[in-house]
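The values are calculated or read from the model by the stated rules, or taken from the named source; none is laboratory data. Everything numeric here is computed off the predicted structure, so don't read it as measured data. As a convention, Cβ positions derive from the backbone with ideal geometry for all residues, glycine included, and neighbour counts pool all protein chains shown.
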Amino acid sequence: MSLDALKREAAARAVALVRDGMKLGLGTGSTAKHFVDLLAERMKADKLKIVGVPTSEATRVQAASLGIPLSTLDETPELDLTVDGADEIDAALRLIKGGGGAHLREKIVALASKRMVVIADETKEVTILGRFPLPLEVIPFGLDATRRSIEDAFKDVGVKGEMTLRMKDGAPFRTDSGNLIFDAHLGTIPDPERLAARLDSVTGLVEHGLFIGIASGAFLATATGIKTLGNVA
């Protein structure tokens, strides 16, 4: 089975959690895209009435094109469930997100939800976080000063690695909020909680891609079936 097919299998398990009347956070990325597609199909088949809050402009466009009713956190501040992908996930449900550049909005939406369920294929499961570069969304003003502050934070917690400005089509990548992203190639993050807490104190860093204590459960699609982590009920 291809990776894309595995992603769709994980998404299908998450769609089965949706109940009539739910307020849903709609994630961003290739696996979350499958969830939105399958959600639209189930809405039509079972005549479900739900409302979705998208975590990115890309997801908003996709969901709107499929006829999924949409809202914002200002209009719908409390959500029942957010379903989203991950770039890495460990056994403690700690995540690295932000490969698509949407981790700021993804974290805001997830924290506004009663629970967050992750959907991913088996390649995203790791023993120690850090193989995937850690995304760091920063404001454009004072970029070099913010970079130095982030590097100081890394030194304080004993991690190091190259930090590169994310580019797209020959220009700096811009998030939906108009910010830039540094990708930190750390290799391993032995203490994600400590690093997350230290990064939270860096002025100019809008949000990092460490999701600690946010996900309640996960569906990981493997070649031999769906692996469940945490509480997905």
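Every residue, every condition in (1) free of Cβ contacts under 8 Å to residues at least 60 places away in the same chain; (2) assigned to a helix (DSSP H, G or I), yes or no:
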position: VAL118; (1), (2): no, no
position: THR127; (1), (2): yes, no
position: ARG131; (1), (2): yes, no
position: THR146; (1), (2): yes, yes
position: ILE150; (1), (2): yes, yes
position: SER177; (1), (2): no, no
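Tallying residues that are among the polar types (S, T, N, Q), in contact with a strand residue (DSSP E or B) (Cβ under 7 Å, 6 or more places away or on another chain) and farther than 20 Å from LEU104 by Cβ within the stretch 171-225 yields 1.
Can you tell me which residue among ALA86, ALA32, ALA12 is among the aliphatic types (A, V, I, L, M), under 20 Å from the mean Cα position of the chain (by Cα) and in a loop (DSSP other than H, G, I, E, B)?
ALA86
For VAL117, are the conditions met, namely being surrounded by 14 or more Cβ atoms within 10 Å (Cβ to Cβ), closer than 30 Å to MET163 by Cβ and among the hydrophobic types (A, V, I, L, M, F, W, C)? No: the conditions fail for VAL117.
The set of residues in the stretch 48-73 that are without any contact (Cβ under 8 Å) to a residue 12 or more places away in the chain and either hydroxyl-bearing (Ser, Thr, Tyr) or outside any helix (DSSP H, G or I) (or both) contains only SER65. Exactly one residue out of SER177, SER149, SER216 is assigned by TED's automatic domain parsing to the domain that holds VAL83, modelled with pLDDT of 95 or more and of a type outside the set (Val, Ile, Thr): that is SER216. Criterion applied to GLY204, GLY161, GLY142 was being exposed (fewer than 15 other Cβ atoms within 10 Å of the Cβ), over 30 Å from ALA14 (Cα atoms) and at pLDDT 95 or above, and the one residue passing it is GLY142.
Taking first residues from the stretch 189-204 that are acidic (Asp, Glu) and partners that are crowded, with 19+ Cβ neighbours inside 10 Å and part of a loop (DSSP other than H, G, I, E, B), the Cβ contacts under 9 Å between residues at least 6 apart in sequence or on separate chains come to ASP191/VAL159; GLU193/ARG94.
Consider ARG131 carefully, then state whether it is touching a strand residue (DSSP E or B) at 6+ places or on another chain (Cβ under 8 Å), more than 30 Å from LEU229 (Cβ to Cβ) and surrounded by fewer than 20 Cβ atoms within 10 Å (Cβ to Cβ). In short, no. Quick one: would you say ALA215 is among the small types (Gly, Ala, Ser), in contact (Cβ under 8 Å) with a residue 12 or more places away in the chain and not in a strand (DSSP E or B)? Taking the combined requirement at face value, the residue satisfies it. Out of the residues in the stretch 39-97 that are β-branched (Val, Ile, Thr) and in contact with a helix residue (DSSP H, G or I) (Cβ under 8 Å, 6 or more places away or on another chain), which is surrounded by the fewest Cβ atoms within 10 Å (Cβ to Cβ)? My answer is ILE50. The single condition among (1) surrounded by 14 or more Cβ atoms within 10 Å (Cβ to Cβ); (2) more than 24 Å from VAL36 (Cα to Cα); (3) touching a strand residue (DSSP E or B) at 6+ places or on another chain (Cβ under 8 Å) that HIS103 does not satisfy is (2).
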